[in-house]
1. Hey, how many Å between the Cα centroid of the range A:230-259 and the Cα centroid of the range B:274-296?
2. Search the structure for amide H atoms under 5 Å from the amide H of A:THR185, placed 1.01 Å from N in the peptide plane, and list their residues when 5 or more places away or on another chain.
3. Rounded to the nearest 5, what % of DSSP beta bridges with both residues in the range B:144-290 are antiparallel?
4. Among residues other than A:SER102 whose Cβ falls under 13 Å from its Cβ, what is the net charge (Lys/Arg +1, Asp/Glu -1)?
5. Can you list residues from other chains, or at least 5 along the same chain, whose modelled amide H is less than 5 Å from the amide H of B:ILE247?
6. Which ³J(HN,Hα) values, rounded to whole Hz and listed in residue order, are derived for the range A:136-143 from phi using the Karplus coefficients 6.51, -1.76 and 1.60 in 6.51 cos²θ - 1.76 cosθ + 1.60 with θ = phi - 60°, glycine and proline given as x?
7. Along the range B:91-106, what does the Karplus equation 6.51 cos²θ - 1.76 cosθ + 1.60 (θ = phi - 60°) give for ³J(HN,Hα), rounded to whole Hz, x for Gly and Pro?
8. List nothing, just return the count: lysine pairs in the protein assembly as shown, 8 or more apart or interchain, with Cα separation under 28 Å.
Amino acid sequence: MPPSKARRSGGDRALGLLARGSAVTILGLLVALLATLVTAGAPAAARFGASFLTETEWRPNTLERPRLDARGEVVITGGEVEIEEVPPRFGALPAIWGTAVSSGIALLIAVPLSLGAALFVVRIAPRLRVAGPLSFMIEFLAAIPSIAYGFWGLAVLTPWLQTVAYPAMERLAGGTWVAGWVFRTRLADGTEIPVGLTGKDMLCGGLVLAIMVIPIVTAVARDVLRSVPRGQLEGTLALGATWWQSSWGMMRYARAGLFGAVMLGLARAAGETMAVTMVIGNNMQVAASPLAPAQTMASLLANEFKEASDQLHQSALLLVALILLVMSLALNVTARSLVVGGSSRTAAAH
Amino acid sequence: MSTPGHTQGPASGDAAAAAPRAGYAIIEAIRRGEPVTGQTHEQVRDQPAVIRAADFSLWYGKSRALHAVSMPVPRHRVTALIGPSGCGKSTLIRCVNRMNDLVEGVRVSGRMELEGSDVYAPGTDVIGLRRRVGMVFQKPNPFPMSIFDNVVYPLRIHGQRSRSELAERAERALRGAALWDEVKDRLRQSALGLSGGQQQRLCIARAIAADPEVLLMDEPCSALDPVSTLRVEELIQRVSERYTVLIVTHNMQQASRVSHFTAFMYLGRLVEYGPTAEIFQNPRLPETEQYVSGRFG
């Protein structure tokens, strides 16, 4: 064998090993991350079990309070009020609720806008010769660091909501059930109080998130709609479909991929940390009103992790991180299989 | 290419190169870039026309795809458009229902009449036009929904809601497309599960479900196997009893089997147009004779 060939095959082997090694390393990182979170979250999981997901109390401190007897009287022993210690409790439901509501609001706003924008880019923009610049802008929006969105939310959106939008909404809602739902909240003991309108709440978080997920949902929806075979669009138009009817036909054809686009948006909204932490109000409670301050899983971690000195507190936070990771993973996997699977199904059918 | 002045048409290069070199007045004239008047037999002109192209030209941006085509399309007959690739057959039929509107930078001149009115006149109701002119495409394009929903799609988008009416018209259209017996027990199943030939007949059923006046077919059998092709061809003859059919085909045997009239196009011009038997057995122009005998194109 000539030496040059031997060298080349040696180089090939080295590169092959390098590539394989890189792939394994990346996978290994994910596995290591999962393993770390599982190990670290185990104490909290063992302590609280499934109630971790359903309990609303998140209290990292030990509580000291007078012990009460069966009749509800303070127990006095030797002339002194007996004190009992209530250990910390961790229930993640408020963070899960806050994540769900703020992401839900974000999707409610972002999905129609994104689908409309994607349809515009695919069907109208080429004719106006603005498809290129528009696509660039959309991708550019996705590249803006999230802290910028958060700062805009804090500096602009929050004061505007508090001073302009909410008073107007309150006047509009008047005494209807909407006012009861949005502007009143019930305390644990059943008394009803007005929601403190700070402008930092789930609605504000949802609005900022909506702006952040629009670019990604639009970009993916655009690619999915572009991959709809021409015969589908022409088929509907040739039968006399209007612009909307033919667009609806395209969306119907691409529905799996579009659903995937929405899932990707949801994954981004649920995992977004910085911007949400700045505008959500950071209050661990389960409130029906979208104008109540709340906490998302990500903002909870951002807020508490550096101050969590207690082992159980840390473990509980890492368990929240594990839930968030598994959820994002599931959303992403579903989304990708829908987007990719959707287009391969397209290719198979035509 | 030795002759300047003719650079039109995306595929004109190959087609012209394959054409005979001398003795063909029309091809020589086309090469010199001169206007050409096609030979239209009087048997065609005697027929009542549903569609009539008059001096119709079309440009894709700067390149000209159709050169002053004038041709009537007889009522309740099958008219075939033949010619080498890039000769403008598909472009021409896609003007009848204005599908070319989808293509950027398309410009037309002359008239394209349906029942006497110009479909390119300003203010034309394009959606209404497409309801009157059905179209079947090269590749079967069933929608991702049930067989039934496919067939009644044109009825639904025009506001027909009555279940019994939809069911009745679906059956009639599927019978009309010779598909009823094969699918009547699985109307609710996805149309994507049908074979290619069945899908194409479903597309024909869908195109006739709304009772159009004209049926355009753009190489409807090119993606089908021989058996499916035969069935679709039988179908084309059947539907011509009720509809005017204008079909583009690459396959000259197909044109001779299914059509009453045949138009031979070359480089965006109508060259010869007459009864199918005449075109294939006794063409008037040497160019047509060359093409139908398979010596070029």
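1. Spelled out, the Cα-based centre of one part sits 41 Å from the other.
2. Distant-sequence amide H within range of A:THR185: A:ILE193, A:VAL195.
3. Just about 60 percent of them are antiparallel.
4. So the environment of A:SER102 carries a net charge of 0.
5. B:THR79, B:ALA80, B:LEU81, B:MET217
6. Listing the rounded values in order: 4, 4, 4, 5, 5, 4, 5, 8 Hz.
7. Result, ordered by residue: 4, 5, 6, 6, 8, 5, 10, 6, 5, 5, 4, 6, 7, 6, x, 8 Hz.
8. Working: A:LYS200/A:LYS306; B:LYS62/B:LYS89; B:LYS89/B:LYS139; B:LYS139/B:LYS184.
Step by step, the pairs that qualify in the protein assembly as shown add up to 4.
Only the coordinates and a few stated rules stand behind these numbers; no lab work does. Please read all numbers here as calculations on a predicted model, not as lab measurements. Positions of Cβ are backbone-derived with ideal geometry, glycine not excepted, and every protein chain shown enters the neighbour counts.
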